[in-house]
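Quick notes on the structure that follows.
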Amino acid sequence: MSSEPATQQRAALRPDLRIPAHIGVIMDGNGRWAKARGKPRTEGHVAGVRALRGIVESCINYGVGYLTVFSFSSENWTRPKDEISFIFQLLRRFVASDLEKLHRNNVRVKIIGSRDGLEDSLRRLIAEVEATTAVNTGLKLQVAFNYGGKAEIAEAVRRIASQVAAGRLKPEDITEETIGRALSTAGMPDPDLIIRTSGEQRFSNFLLWQSAYAELVFVEENWPDFDAASFLRVLEDYSSRDRRYGGVEAQQR
Ligand code: FPP
């Protein structure tokens with residue numbers, strides 16, 4: 001991973017780029033990447049972790065504030081048992097092999113999603129990675145694991161409803177901010193940009209509430225092929241977008 005001077009150099013090289021404060025990534029196509037090479041799907045996931053390391057490095061280089069990656073959805077439980085346990089193993093290995101480097105690079109790591117169905121040892125590992133990196137002030141990396149946007153909203157509604165039932169909150173005082181604060185992304189800016197790889201054009205239950213005004217970029221590459229050059233192309237595309245948030249173009253205001 002790069003050092004601070006490299007970051008400044010890179011930013012200075014491309015002052016024309018608008019850097020999103022928060023990027024969400026739906027890392028799709030590991031299985032297809034493997035199939036195209038005659039390899040088992042698990043090899044695709046291993047290559048997917050390599051691509052994840054690459055994008056973390058790119059985000060550090062370009063000074064992105066928040067990166068949220070979708071690594072296991074609440075719907076992925078329907079996959080073959082072996083594949084599920086392999087992905088769980090990959091999360092463990094990713095933490096074990098990369099925690100020290102992430103920490104050294106001032107990255108704060110958070111795992112968002114339900115802890116239900118996760119083994120105690122995995123829960124402990126998640127708590128450890130979050131606690132170790134909690135003090136870091138650089139890139140905020142959220143790994144969405146056992147995550148589903150609808151489940152997250154339902155959980156937020158339950159929390160808010162129990163505050164109302166306890167008399168601590170009036171229904172008329174519930175605002176968009178109240179809901180935002182009850183989500184797992186509380187305190188983070190909403191994603192400016194959502195990237196999905198492998199040519200699919202769906203949200204698949206990722207950051208549903210938070211993506212209301214996100215720019216969407218769909219790329220053809222499968223996730224393991226998504227490298228620094230792909231990331232730069234996406235940033236160029238994003239920089240050319242006119243973000244109006246329901247208003248009019250800047251020159252018409
Ligand atoms: C997407 O490809 C892969 C996933 C949703 C799960 C695995 C994610 C990774 C290996 C990246 C990093 C993971 C961790 C745990 C840090 P797919 O299997 O849906 O591919 P396909 O659509 O081509 O079958």
Query raised in the report: Is there any pair with a first residue in the stretch 159-177 that is closer than 25 Å to M188 by Cβ and a second that is assigned to a loop (DSSP other than H, G, I, E, B) whose Cβ atoms are under 6 Å apart and which are 6 or more apart or on different chains, and what are they?
Result: Q163/L169
Query raised in the report: Do you know which residues across the stretch 52-87 are among the hydrophobic types (A, V, I, L, M, F, W, C), closer than 14 Å to V109 by Cβ and open to solvent by 10 Å² or more (accessible area, probe 1.4 Å)?
Result: L52, I60
Report task. Please tell me if T185 is touching a Leu at 6+ places or on another chain (Cβ under 9 Å), more than 30 Å from R241 (Cβ to Cβ) and either surrounded by 15 or more Cβ atoms within 10 Å (Cβ to Cβ) or not acidic (D, E) (or both). Result -> no
Query raised in the report: Within the bounds of the stretch 121-130, is there any residue that is surrounded by 11 or more Cβ atoms within 10 Å (Cβ to Cβ), within 19 Å of S73 (Cβ to Cβ) and of a type outside the set (A, V, I, L, M, F, W, C)?
Result: yes
Requested in this report: Starting from the stretch 195-206, take each residue that is closer than 10 Å to W223 by Cα and list its partners that are open to solvent by 30 Å² or more (accessible area, probe 1.4 Å) and not in a loop (DSSP other than H, G, I, E, B), counting only C-beta distances under 6 angstrom and pairs at least six apart or across chains.
Outcome: R196/F218
Query raised in the report: Does the stretch 195-222 hold any residues that are closer than 22 Å to V49 by Cα and assigned to a strand (DSSP E or B), and which are they?
Result: I195, R196, V217, F218
**Report entry** Looking only at the stretch 17-57, and only at residues there that are more than 9 Å from the ligand (Cβ to nearest atom) and of a type in the set (A, V, I, L, M, F, W, C), the one that is farthest from I194 (Cα to Cα)
**Finding:** A36
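The values are calculated or read from the model by the stated rules, or taken from the named source; none is laboratory data. Just so we're clear, the structure is a prediction, and the values are computed from it rather than from any experiment. Quick reminder, even Gly has a Cβ in these numbers, built from the backbone with ideal geometry, and neighbours come from all protein chains shown. Heads up: the accessible areas ignore ligands, DNA and RNA and are worked out on the full protein's heavy atoms, side chains in. Shrake-Rupley method; radii C 1.70, N 1.55, O 1.52, S 1.80 Å.
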